[in-house]
Amino acid sequence: MVDERRYHHISSAVIAVMPGRLDEVAAAIATMNGPEIRAQENNRIVVVMEGESAGQLGAQLAVLGALDGVVAANMVFEHIEELEGSKS
């Protein structure tokens with residue numbers, strides 16, 4: 001039996017940035033389709049991401065971690081909800 005349930009994933013991540021690069025990295029994130037900046041201070045940026053799978057969020061996190069000026073990108077929280085009308 002195939003599981004046809006559909007899910008919505010919401011995650012937050014903290015992006016650690018090299019000193020003096022916060023504005024540059026935040027500007028790069030702001031141009032991306034997906035992550036939304038929720039806070040930035042002391043060489044840290046908090047983003048929220050949404051997607052259809054954990055893999056999709058992981059891919060977004062990998063892109064964030066590869067930005068020039070980023071020291072580390074760490075997922076902090078993930079919430080998963082089954083979409084209404086999904087079939088099991």
Please turn the phi angles of the stretch 21-32 into ³J(HN,Hα) values with the Karplus equation 6.51 cos²θ - 1.76 cosθ + 1.60 (θ = phi - 60°), one per residue in order, whole Hz, x for glycine and proline.
-> 10, 4, 5, 5, 5, 4, 5, 5, 5, 4, 7, 7
Angle between the chain longest axis and helix 54-65 axis [Cα atoms, degrees, rounded to 10] = 10
Label points 7 Å out from Cα along the Cβ direction at Asn43 and Asp68: separation in nm?
-> 2.0
Computed [θ] at 222 nm, helices only, for the chain once each DSSP H run of length n ≥ 4 contributes -39500 (n - 2.57) | -7000 deg cm²/dmol
Rounded to a whole number, the Stokes-Einstein D of the chain in µm²/s (Kirkwood radius over Cα pairs; 4 °C; 1.567 mPa s) is 94
Given GluC sites (Glu not before Pro), DSSP loops and at most 12 other Cβ atoms within 10 Å, the longest exposed-site-free stretch of the chain is 1-51
The relative contact order of the chain, taking Cα pairs under 8 Å that sit 6 or more residues apart, comes to a percentage of 47
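Write out the trypsin sites (Lys or Arg not before Pro) in the chain meeting two conditions: DSSP loop, and at most 15 other Cβ atoms within 10 Å of their Cβ.
Passing both the DSSP loop test and the Cβ count: Arg5, Arg6.
Only the coordinates and a few stated rules stand behind these numbers; no lab work does. Because the structure is predicted, anything quoted here is derived from the model rather than measured. As a convention, Cβ positions derive from the backbone with ideal geometry for all residues, glycine included, and neighbour counts pool all protein chains shown.
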